[in-house]
Amino acid sequence: MLAELPLALEVALKAVVVLAAFLTLPLALGQLEHKLMGHMQGRLGPMEAGWHGIGQLVADGIKFAQKEDITPTAADRPVFRLAPAVALIPYLVALAALPLGATWVAVDVPASLLLVLAVTSVGVIGTLMAGWGSGNKYSLLGGLRAGAQLVSYELPLVLAAASVAMAAGSLSLVGIAQEWSWWWLVWQAPAAFVFLAASVAELQRTPFDAPLADSELVFGPLTEYSGLRFAFFLLAEYAGMVVMSLLFTVLFLGGWRGPWGEVGVVGALWTLLKATGVGVVILWLRVAWPRVREDQLQRFAWLVLLPVALGQLALTGVGVVVLG
């Protein structure tokens with residue numbers, strides 16, 4: 001139906017839909033995290049904003065908008081002020097290329113997997129800019145930790161994604177999901193483990209939140225931020241979780257493939273349901289696992305995830321040759 005519209009109107013409608021999803025899905029995931037953590041820890045949390053506290057994140061957003069936006073005297077002002085946008089915008093671009101269904105994708109490019117992996121790795125530059133531009137030693141240490149973490153975990157993440165692309169014979173996310181088979185749940189299970197662990201590390205979520213370690217670095221690169229700029233960093237974190245959950249779903253869980261329909265709204269609901277399950281796992285890690293030390297974090301990347309990813313890539317290559 002969209003194909004029948006003028007190109008400009010089609011682009012405008014897709015942009016509005018992607019922007020709406022970008023503003024609502026991270027908030028929904030954030031609300032789910034608050035309630036999930038509350039129930040797991042046996043506490044109620046704030047309940048005044050709407051039914052069961054459902055409007056608490058909206059109230060928090062209003063609070064952030066009312067707070068004063070402060071730039072430290074010693075900060076590199078252009079870098080400091082631009083950092084939240086650099087951290088946030090790549091996930092908006094990635095969301096536009098992620099398919100909810102075979103035809104439910106805003107920007108269907110031939111090598112969409114490469115596009116998504118490339119733009120999501122740009123987000124950490126915003127964290128580096130925040131650490132460098134704040135004029136704060138704690139912030140600088142957190143930014144350097146974030147950079148080291150990206151270098152360590154980007155390689156196993158890309159290798160895990162390459163294993164699935166090799167199995168499907170395509171770099172298109174739509175093509176990968178269409179080639180997916182249920183037995184990939186076993187064949188590509190090591191790659192799924194590597195991808196999920198590396199994604200959590202790239203998002204700097206617990207247990208890989210050493211760059212933001214509040215007991216060591218106050219709040220790392222975000223220490224000097226306040227108001228909406230701080231809120232944008234939080235939005236970037238949850239937007240990254242949404243993007244990585246959707247990408248994991250398309251690569252390893254078949255995306256919109258399901259037993260009761262795969263087209264239209266039903267297929268999109270399957271994708272969102274699976275991505276919600278992946279998001280819950282990421283949220284659960286924050287509650288269940290303590291923060292690892294920086295040396296443990298690096299050792300896990302280079303001595304565990306990287307060998308497993310290389311082994312899985314070799315196994316996939318053998319499987320493609322034998323079965324292909």
> Given 0.36 nm per residue, what is the gain on full extension from Ala288 to His39 after removing their alpha carbon distance, in nm?
Replying inline: 88.3 nm
> Leu13 to Ile70: FRET efficiency via 1/(1 + (r/R0)^6), r the Cβ-Cβ distance, R0 51 Å, to the nearest 0.05?
Replying inline: 0.85
> Can you give the calculated 222 nm mean residue ellipticity of the chain, where each DSSP H run of n ≥ 4 adds -39,500 (n - 2.57) and the sum is split over every residue, rounded to the nearest 500 deg cm²/dmol?
Replying inline: -23500 deg cm²/dmol
> In region 251-284, which residues have a backbone nitrogen under 14 Å from the label point lying 7 Å from Thr24's Cα in the Cα-to-Cβ direction?
Replying inline: 269, 272
>> Per 0.36 nm of contour for each residue apart, how much would the distance between Val263 and Leu310 grow if the chain were fully extended, relative to their Cα-Cα spacing?
In response: 13.4 nm
> Going 7 Å from the Cα of Glu179 toward and past its Cβ, which residues in region 297-324 have a backbone nitrogen under 18 Å from where you end up?
Replying inline: 312-324
> Relative contact order of the chain: what whole-number percent is it, with Cα pairs under 8 angstrom and at least 6 residues apart?
Replying inline: 23 percent
> Between Val320 and Leu273, what length in nm is gained on full extension when 0.36 nm per residue of separation is reduced by their alpha carbon distance?
Replying inline: 13.9 nm
> Short version: ³J(HN,Hα) in whole Hz for each residue of region 203-211, in order, from phi by Karplus 6.51 cos²θ - 1.76 cosθ + 1.60 (θ = phi - 60°), x for Gly and Pro, what are they?
Replying inline: 7, 6, 9, 4, x, 10, 9, 4, x
> How big is D for region 1-57, in µm² s⁻¹ as a whole number, if Stokes-Einstein is applied with the Kirkwood radius of its Cα pairs at 37 °C and 0.692 mPa s?
Replying inline: 239 µm²/s
>> Give me the net charge for the shell around Asp76: Cβ to Cβ below 15 angstrom, other residues only, Lys and Arg +1, Asp and Glu -1.
In response: +3
> So, with +1 on the Cβ of K and R and -1 on the Cβ of D and E, and no other charges, what is the size of the charge dipole of the chain about its Cα centre, to the nearest 20 debye?
Replying inline: 380 debye
>> Going by average Cβ density within 10 Å per residue, which order do the peptides 33-43, 198-208, 267-277 take, highest to lowest?
In response: 198-208, 267-277, 33-43
> In the P(r) worked out for region 267-324, what percent of Cα pairs fall beyond 14 Å?
Replying inline: 74 percent
> Average projected area of the Cα convex hull of region 42-159, in nm²?
Replying inline: 11.7 nm²
> Rounded, prolate or oblate: which one fits region 135-206, using the alpha carbon gyration tensor with axes a ≥ b ≥ c (rounded when a/c is under 1.5, else prolate when a/b beats b/c, else oblate)?
Replying inline: prolate
> Taking a probe of 1.4 angstrom, what is the accessible area of Asp214 in Å², to the nearest 10?
Replying inline: 90 Å²
>> Checking the a/c ratio against 1.5 first, then a/b against b/c, what shape does the Cα gyration tensor give for region 104-250?
In response: prolate
> Considering only the other residues whose Cβ falls under 13 Å of the Cβ of Asp60, what net charge follows from Lys and Arg at +1 and Asp and Glu at -1?
Replying inline: 0
> Lys63: which lysines have alpha carbons under 23 Å from its alpha carbon, excluding same-chain residues fewer than 8 sequence positions away?
Replying inline: Lys35
>> Using only the alpha carbons of the chain, what is the convex hull's orientation-averaged projected area in square nanometres?
In response: 18.2 nm²
> In the neighborhood of Gln178, defined by Cβ-to-Cβ distances under 15 Å, what is the net charge if each Lys or Arg adds +1 and each Asp or Glu adds -1?
Replying inline: -2
> What is region 221-317 by shape, rounded, prolate or oblate, if you read a ≥ b ≥ c off the alpha carbon gyration tensor as root eigenvalues and call it rounded for a/c under 1.5, prolate for a/b larger than b/c, and oblate otherwise?
Replying inline: oblate
> So what is the relative contact order of region 1-138, in percent, for Cα pairs below 8 Å that sit 6 or more residues apart?
Replying inline: 25 percent
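The values are calculated or read from the model by the stated rules, or taken from the named source; none is laboratory data. These numbers were taken from a predicted model, which means no experiment stands behind them. Methodologically, a virtual Cβ is constructed for each residue, glycine included, from the backbone with ideal geometry; neighbour enumeration extends over all protein chains shown. All accessible areas refer to the heavy atoms of the entire protein, side chains included, with ligands and DNA or RNA removed. Shrake-Rupley method; radii C 1.70, N 1.55, O 1.52, S 1.80 Å.
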